[in-house]
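What follows is a short report on a single structure.
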Amino acid sequence: MAPALGVAAFSLAARSARADDVIEDPELAAVPHEAPVAAPPSNGPRETTWHTTLHTRWGVDTDWTRPSQDVVEGTTVAALEVEQRRSDTLLLSAGLRVRHGFAVHQSGAAAYTLDVAPLSLFADVTPGPGYHVRVGYQVISMGRFDLFSATNFLSTYDLRSGPVTMSEASPIATPAVRFDFDKVRGFTLQAFYVPFFVPDLIALYGTDYALLSPLDRLNTETGNATREVFERALGRSGLTTLSTDALQALAPPPDFRSPQGAIRATLYGSAGELSATVGTALEPLPTLVLSPAFSSYLNSTATAIAQMAPLPTAPDSVWDHPIGVEHPRYGIASLDGAFDVGPVQLGAEAAYMLDRTLMATGPGTPANGNIPIGNPERVNMAQFGLRAEYVRGTEWAVVVESFLAMAMRNPSAAGAGWFGMDGRYAYGVAAGAHYTPEKSRLRFELGGAALAVATYVLMPRVEWEALNAFFLELGAVFVQGHTPFVLGVPNTSLGGLYNDVDQVFIGARWAP
């Protein structure tokens with residue numbers, strides 16, 4: 001809910017709208033089955049399971065009108081994870097993910113990134129029947145919604161590649177303790193404790209999907225190509241790395257003073273499943289807080305642009321800590337459930353959130369100079385969601401999700417609005433489908449999403465298994481929306497802020 005975060009919204013939409021990501025429900029898979037399962041031998045099996053993936057994807061933008069934007073981008077991800085069951089009471093897991101990023105704009109200047117992150121590093125212990133404890137780096141997933149989930153508030157994502165993020169590169173493992181109790185038939189209880197806060201990974205500046213990318217476009221269109229100035233001073237790779245590291249460095253330190261946690265109880269039976277969740281978390285996306293001097297400079301610049309006047313000169317005080325980063329805490333209570341109606345599984349969610357962080361945008365028009373790009377405010381919110389999933393064998397899968405979120409009050413300033421929302425409301429719908437013809441090595445996919453206000457994402461993709469476990473892909477990403485005449489007005493279209501990132505891509509994936 002942090003300001004200027006449309007890139008995060010549609011990158012998750014594009015990732016989750018893919019049918020192969022949507023139809024898997026790790027929580028449902030973890031619910032005990034009604035049929036008894038034979039216990040392992042007392043000494044326990046000693047099998048070792050390896051998971052290896054190598055995926056590379058390269059894309060070319062369809063819009064080359066902005067001089068500083070990237071027109072060619074590539075991401076390569078190598079993931080290796082191994083699990084070994086040491087006994088019937090102990091499972092060990094360790095995994096790493098290596099990500100290499102590449103981008104070049106039409107001037108020919110290239111940027112490179114390389115980083116390594118843990119996929120898992122945990123011990124899963126079963127001290128007694130019906131009791132399970134998992135300690136270490138792990139990916140946390142709660143709820144039954146893949147995209148528009150209020151319940152899945154402890155998950156962390158890598159959003160640096162925007163809407164072309166690959167599923168292998170998206171989830172981030174965090175240090176956590178998970179406790180499961182499933183000894184009582186028809187009931188499970190889960191508890192999560194995350195001692196160290198890990199924010200979503202996203203760039204502040206220097207890429208097309210960065211938080212301040214809309215400001216870069218604004219400056220470029222007025223002849224003040226700020227991004228190019230920074231690139232000449234720091235280099236393309238340096239600007240990208242420093243801006244990403246800056247957000248991470250300004251997040252709360254890992255010192256046990258910013259814990260997160262949740263308790264989740266589930267009732268299940270032949271009629272379906274119902275879960276209740278309560279918890280507390282920090283906003284995973286950074287909230288940018290502008291200093292008064294910097295905010296005033298931005299407002300005067302926006303007014304000058306609207307009036308076709310000369311741009312104001314920035315005083316030295318503007319650059320004295322112009323932007324701060326916060327990750328405010330909020331609380332949540334939610335209900336979600338699922339049940340089957342013939343071949344269709346239906347799901348629903350209702351949540352109430354305390355102190356979510358929203359950006360207030362000012363009233364007025366550019367002509368009167370009254371468009372403050374304000375600081376964030378804390379607001380209680382309610383959210384409701386519906387989900388439907390249809391699967392027919394291995395050929396067809398279709399998933400549709402929708403949500404409606406409502407701020408419980410208006411901004412403090414009279415006539416102001418909430419950034420990226422339609423008045424007090426945020427809403428959206430996403431769908432994903434895949435079709436795999438019988439006895440065919442082809443897989444056709446189509447994902448899409450529509451969000452308030454006037455933000456649209458479309459992702460077609462086709463994949464061909466050229467060799468055993470080796471796949472080639474061809475796809476595209478289209479993001480559209482009404483481009484605002486100035487950043488900061490109410491009802492700003494997030495799709496309009498990022499509507500020049502459309503891309504056609506090819507890729508290869510090896511998953512033995």
Exercise. Kindly indicate whether Ala110 is hydrophobic (A, V, I, L, M, F, W, C), in contact (Cβ under 8 Å) with a residue 40 or more places away in the chain and within 25 Å of Gly331 (Cβ to Cβ).
Key: no
Exercise. Residue by residue through segment 405-419, note down the ones that are buried (at least 17 other Cβ atoms within 10 Å of the Cβ) and modelled with pLDDT under 80.
Key: Ala416
Quiz item: Is it the case that Tyr330 is within 30 Å of Pro253 (Cα to Cα), touching an Asp or Glu at 6+ places or on another chain (Cβ under 9 Å) and modelled with pLDDT of 95 or more?
Solution: yes
Practice problem: Tell me which residues, restricted to segment 181-200, are in a strand (DSSP E or B), under 20 Å from Gly136 (Cα atoms) and either open to solvent by less than 30 Å² (accessible area, probe 1.4 Å) or among the polar types (S, T, N, Q) (or both). | Solution: Gln190, Phe192, Val194
Self-check item: Test result for Leu96, in a strand (DSSP E or B) and surrounded by fewer than 17 Cβ atoms within 10 Å (Cβ to Cβ)
Solution: yes
Quiz item: Since Thr313 meets every condition but one in (1) at pLDDT 75 or above; (2) open to solvent by 20 Å² or more (accessible area, probe 1.4 Å); (3) not in a loop (DSSP other than H, G, I, E, B), which condition does it not meet?
Solution: (3)
Quiz item: Taking segment 234-270 as the search range and keeping residues that are open to solvent by 50 Å² or more (accessible area, probe 1.4 Å) and within 19 Å of the chain's Cα centre (by Cα), which one is nearest to Arg185 (Cα to Cα)?
Solution: Gln248
Quiz item: Residues of segment 464-487 being open to solvent by 80 Å² or more (accessible area, probe 1.4 Å) and in contact (Cβ under 8 Å) with a residue 60 or more places away in the chain, which ones?
Solution: Phe485
Quiz item: Can you tell which of Phe153, Phe145, Phe122 is of a type in the set (Phe, Trp, Tyr) and either part of a strand (DSSP E or B) or open to solvent by 20 Å² or more (accessible area, probe 1.4 Å) (or both)?
Solution: Phe122
Exercise. For segment 426-452, enumerate the residues that are closer than 16 Å to Asp146 by Cβ and acidic (Asp, Glu).
Key: Glu445
Quiz item: Counting just the residues of segment 344-362 that are in a strand (DSSP E or B) and not aliphatic (A, V, I, L, M), which one comes out modelled with the lowest pLDDT?
Solution: Thr361
Quiz item: Inside segment 271-299, can you point out the residues that are open to solvent by 40 Å² or more (accessible area, probe 1.4 Å), in contact (Cβ under 8 Å) with a residue 60 or more places away in the chain and not in a strand (DSSP E or B)?
Solution: Ala271
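Looking at segment 56-81, which of the residues that are assigned to a strand (DSSP E or B) and of a type in the set (Gly, Ala, Ser) is most open to solvent (accessible area, probe 1.4 Å)?
At the first step, the residues of segment 56-81 found to be assigned to a strand (DSSP E or B) are 56-61, 70-81.
Keeping just the survivors that are of a type in the set (Gly, Ala, Ser) gives 59, 74, 78-79.
Details: Gly59: 2, Gly74: 4, Ala78: 40, Ala79: 15 Å².
Filtering segment 56-81 for residues that are assigned to a strand (DSSP E or B) and of a type in the set (Gly, Ala, Ser), the one most open to solvent (accessible area, probe 1.4 Å) comes out as Ala78.
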Practice problem: Examine segment 448-463 for a residue that is of a type outside the set (S, T, N, Q), at pLDDT below 95, open to solvent by 70 Å² or more (accessible area, probe 1.4 Å) and within 27 Å of His51 (Cα to Cα), and state whether such a residue exists. | Solution: no
Exercise. Just one of (1) under 30 Å from Met142 (Cβ atoms); (2) touching a strand residue (DSSP E or B) at 6+ places or on another chain (Cβ under 8 Å) trips up Leu239, so point out which.
Key: (1)
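Answer with yes or no whether Glu377 is at pLDDT below 95 and within 30 Å of Pro259 (Cβ to Cβ). Full working, then the answer.
On the way: at pLDDT below 95: yes; within 30 Å of Pro259 (Cβ to Cβ): yes.
Taking the combined requirement at face value, the residue satisfies it.
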Practice problem: For residues that are part of a helix (DSSP H, G or I), touching a residue at least 12 places away in the same chain (Cβ under 8 Å) and among the aliphatic types (A, V, I, L, M), tally how many sit in segment 243-266. | Solution: 2
Quiz item: With respect to the numbered conditions (1) open to solvent by 20 Å² or more (accessible area, probe 1.4 Å); (2) modelled with pLDDT of 95 or more, which one is the sole condition not fulfilled by Gln383?
Solution: (1)
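With respect to Ala117, is the statement that it is over 24 Å from Glu283 (Cα atoms), open to solvent by less than 40 Å² (accessible area, probe 1.4 Å), aliphatic (A, V, I, L, M) and assigned to a strand (DSSP E or B) true? Before you say what the answer is, go through the steps one by one.
Working: over 24 Å from Glu283 (Cα atoms): no; open to solvent by less than 40 Å² (accessible area, probe 1.4 Å): yes; aliphatic (A, V, I, L, M): yes; assigned to a strand (DSSP E or B): yes.
No, not satisfied.
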Practice problem: Look at segment 330-343 and say how many of its residues are surrounded by fewer than 17 Cβ atoms within 10 Å (Cβ to Cβ) and in a strand (DSSP E or B). | Solution: 6
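The values are calculated or read from the model by the stated rules, or taken from the named source; none is laboratory data. Everything numeric here is computed off the predicted structure, so don't read it as measured data. Cβ sites come from the backbone with ideal geometry, for glycine too, and all protein chains shown count toward neighbours. When the accessible area is computed, the model is the full protein with side chains, heavy atoms only, and any ligands, DNA or RNA have been set aside. Shrake-Rupley method; radii C 1.70, N 1.55, O 1.52, S 1.80 Å.
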